[in-house]
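Reading through the structure tokens given below for one structure.
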Amino acid sequence: MTNHRGADRTVSAETQVVAVIGDPIGHSLSPVIHNAAFAAASLDWICVALPVRGGDAAAAARGMRVLGLRGMSVTMPHKSEIGDGLDSLSDVARTLGSVNCVVRRGDELVGENTDGAGFLGGLHEDFDLDPAGANCVVLGAGGAARAVVLALSRAGAASIRVVNRSRDTAERAAVIGGPVATVGEPRDVVAADLIVNATPIGMHGTSAGNAGLPLDPASLGPHQVVAELIYHPADTGLMQAARSVGARTANGTSMLVHQAAVAFTLWTGVEAPIAAMGAAARTALLDHR
Ligand code: NAP
């Protein structure tokens, strides 16, 4: 695999360190995106990927305190567990029961979740879309879907239908969205303005095509926006089906970049260099193909 070294740089005792933790962690794009951002913003900061085994999230939080890390990105399998090792959680992280970003505020470690804000940033970048007043269908009910449901609800969506193979997880995800969110059926897609795929169906390494997707691609129409959360591959069977009827589509790269951008600003207090982060992510994804 290609190494993404970014600009030549010197690491010194002054360099501020952030880490991304998870297991597996080798294919995380976070170091590429954040190191591109630090370089573009001329910050003497560095992001490193650290493999942390399941069950060790609280130990990683203690490590963050002792080692003086300035921030942490958190991925599977630690998103639910790491909160126990932190001093407080943001309202969004508490509501979702999931932390994807740890921020240092003085001596305190605060758990945040930036996926929903990243999703809204991606909608804006890809479609110039504000979901206020929109009728939305979210396919899937896992961690990403829950973040999307909460973000759409807080952004003023008129309705959110959570369509998922398991009804109990769909019900738990819908509760997060409040009164505008309910469990839906695949046929609800017909009346939707915005359809979000938050299942892994179509992801690299899964079987190709739309088999299992809780939606009939024939029910898509040209007035619709289809936001795919998958970014590898860049084009999925759902996106192809949606484009074939004239719907607008985008993959999950913008969400990935914007959730990282929110984390960058929480850590550094500096406006995120989105263009540099997006370029780094897209180049790295091309290398993965
Ligand atoms: P997750 O927590 O495992 O949830 C997956 C959801 O998809 C569950 O609701 C599950 O249904 C459903 N599902 C899984 N396999 C299925 C199948 N074969 N048939 C029907 N339904 C299926 O995963 P996640 O973390 O939410 O991630 C979901 C997707 O979003 C992944 O592709 C991930 O890469 C992507 N994602 C992208 C970003 C980004 O920044 N772009 C961020 C986060 C996630 P059950 O409830 O029935 O199990």
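No value in this document is a laboratory result; all are computed from the given coordinates. Values in this document were obtained by computation on a predicted structure and should not be read as measured data. With ideal geometry, Cβ positions are generated from the backbone for all residues, glycine too; neighbour counts draw on all protein chains shown.
The table that follows gives values for the structure above.
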{"item": "Thr249 long-range amide H proximity, modeled H, under 5 Å", "result": "Val226"}
{"item": "Beta bridge orientation in the chain: antiparallel %, DSSP, nearest 5", "result": "20"}
{"item": "Within the chain: Cβ-based charge dipole about Cα centre, in debye rounded to nearest 20 (Lys, Arg +1; Asp, Glu -1)", "result": "320"}
{"item": "For the range 1-93, alpha-carbon Rg and Dmax in angstrom", "result": "13.8, 39"}
{"item": "Alpha-carbon spread of the range 205-289, three principal axes, descending order, Å", "result": "46, 28, 19"}
{"item": "The chain: translational diffusion in µm²/s, Stokes-Einstein, Kirkwood Rh over Cα pairs, 4 °C, 1.567 mPa s", "result": "67"}
{"item": "37 °C / 0.692 mPa s Stokes-Einstein diffusion coefficient of the range 111-216, Kirkwood radius on C-alpha pairs, µm²/s", "result": "239"}
{"item": "Cα gyration tensor of the range 74-133 - equivalent ellipsoid semi-axes, whole Å, descending", "result": "26, 12, 10"}
{"item": "Scaled radius of gyration (Cα, divided by 2.2 N^0.38 Å) that the range 145-205 gives", "result": "1.08"}
{"item": "Gain on full stretching of the segment that runs from Thr15 to Ser219 - 0.36 nm per residue minus C-alpha separation", "result": "68.1 nm"}
{"item": "Global size of the range 187-244 as Cα Rg and Dmax, reported in angstrom", "result": "10.6, 31"}
{"item": "Coordinate range along principal axes, alpha carbons of the range 116-169, Å, largest first", "result": "32, 20, 16"}
